[in-house]
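Quick notes on the structure that follows.
Taken together, the values in this text are just the output of simple stated rules run on the coordinates, not laboratory data. No experiment lies behind these values; they were computed from the predicted model shown. Note that we place each Cβ from the backbone using ideal geometry, even for glycine, and neighbour counts take in every protein chain shown.
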Amino acid sequence: MQELIRLGRRDLTLIGPISDMAFDQLIGAGCVRQVIAAWVGNVAGGSGYAFRRAVEDGIPHPITVEDHSNFTVGLALKAAAMGVPFLPTYTVQGSDIARNHPRIRPISDPFGGPALLAVGALHPDVAIVHAQRADRHGNAHLWGNLGLTVEAVYAARTTIVTCEEIVADEVIRSDPNRTIIPGFLVGAVVEEPGGALPSSVQGYWRRDFQPFLDYHQQSKTVEGYAAWRRDWVDGLHDRSEYLARLGASTLDALRVQDSRLAAPANFAP
C-alpha cells in the first residue's frame, strides 16, 4: 500500500469486505476513484476519516462508493471466480443496500421459490495477497483465516503474491492441499518478510495494534494525515526501511516464536 502511494498511482478502484486502514490511507493520498466494499475504516479505532472526507467533502477529491454487505462482496467475487455472470441470494433483501444498486438486481426463482437477488460478477484487474510461503513459480501455501483470498485470486485477471519466504519447489509439492494459490494464476511473486505488518500472518507475525491506533488519531485532520504520510510513506524508501523504523524490539515482540504444528499428513499413494 505504501508503495502504491509513493508511486503516485491514481484512479484506483479498491475492492474488499472490511478494508481496515489500508483503503483509508490510499484514499487520503488521492489514489482512489471508487470503493467497492462493505465497510471502510479502521477496525482498531472506528471511522475512516480520509474516507469520510472524500465522500462527504470531496477531499482530496470525490470518490464513488458501491455499497455492499460482506457477503455480497464475496458473492460478486465468487461469481467471477466460477465464471458465471451472477450468483443468487436472499441476503440484503429489504435493505437500502439493494435499492438502485448497479450490481444487485431482483430475479425470480425459475423453480417457483421466493424472490431472489442476483449479485453480478466482479472481476478485479489485480489481486494483491500476502502468503506464508511460495515457490519461484508463484504456487503459494496459505493457512489460517483466508477471508476472501481464494475468491479474489480466481476472480482477478492476474495476482501479485507477496510472501514471508520463497521456498524450494519440493516444499510446496510436499503439501499440495495447502497450495491455495496455483502459480498459473500469478503474475509476480515477491519475497517480503513482514510484508503484511501491522496486520498479522498466522505462524509468523502477531497483529501490531499501535500503528492502527496512532493512524486513527493522526488521520482525524488533513494536517495529521499529511504528517503520518511524511513519516511512514514519503520518508521511507521501501519495506526494509519501514521494518527498521519499527525497531528490533518491536519486531521481536511481534514475531511468532512458539510453535503449534499441524499433525503430519501422509501423501503416499
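With A244, A262 as the choices, which residue is among the aliphatic types (A, V, I, L, M), more than 22 Å from the chain's Cα centre (by Cα) and not in a helix (DSSP H, G or I)?
Step by step, each of A244, A262 is checked, and only A262 is among the aliphatic types (A, V, I, L, M), more than 22 Å from the chain's Cα centre (by Cα) and not in a helix (DSSP H, G or I).
Could you count how many residues in region 215-241 are over 23 Å from F51 (Cβ atoms) and assigned to a helix (DSSP H, G or I)?
The number of residues fulfilling the criteria is 3.
For region 1-47, enumerate the residues that are part of a loop (DSSP other than H, G, I, E, B) and either in contact (Cβ under 8 Å) with a residue 40 or more places away in the chain or among the aliphatic types (A, V, I, L, M) (or both).
M1, L7, D20, A29, V40, V43, A44, G45
Restricting attention to region 77-90, does a residue exist that is at positive phi, surrounded by fewer than 18 Cβ atoms within 10 Å (Cβ to Cβ) and not in a loop (DSSP other than H, G, I, E, B)?
no
Might you let me know whether region 241-251 holds any residue that is under 21 Å from A29 (Cα atoms), in contact (Cβ under 8 Å) with a residue 12 or more places away in the chain and among the acidic types (D, E)?
Within region 241-251 (the criterion being under 21 Å from A29 (Cα atoms), in contact (Cβ under 8 Å) with a residue 12 or more places away in the chain and among the acidic types (D, E)), the answer is no, since none of the residues qualifies.
Does region 234-269 hold any residues that are among the acidic types (D, E) and under 19 Å from E191 (Cα atoms), and which are they?
The answer is D238, E241.
Restricted to region 217-263, and to residues that are surrounded by 11 or more Cβ atoms within 10 Å (Cβ to Cβ) and of a type in the set (S, T, Y), which residue is nearest to V43 (Cα to Cα)?
Filtering first and then ranking leaves S219.
Which of the residues that make up region 247-259 are part of a helix (DSSP H, G or I) and either closer than 28 Å to D175 by Cβ or charged (D, E, K, R) (or both)?
Within region 247-259, L251, D252, L254 meet the criteria.
For F71, state whether it is under 30 Å from L185 (Cα atoms) and of a type in the set (A, V, I, L, M, F, W, C).
yes
Condition first: more than 15 Å from the chain's Cα centre (by Cα) and among the polar types (S, T, N, Q). Now tell me which residues in region 171-202 satisfy that.
S174, N177, T179, Q202
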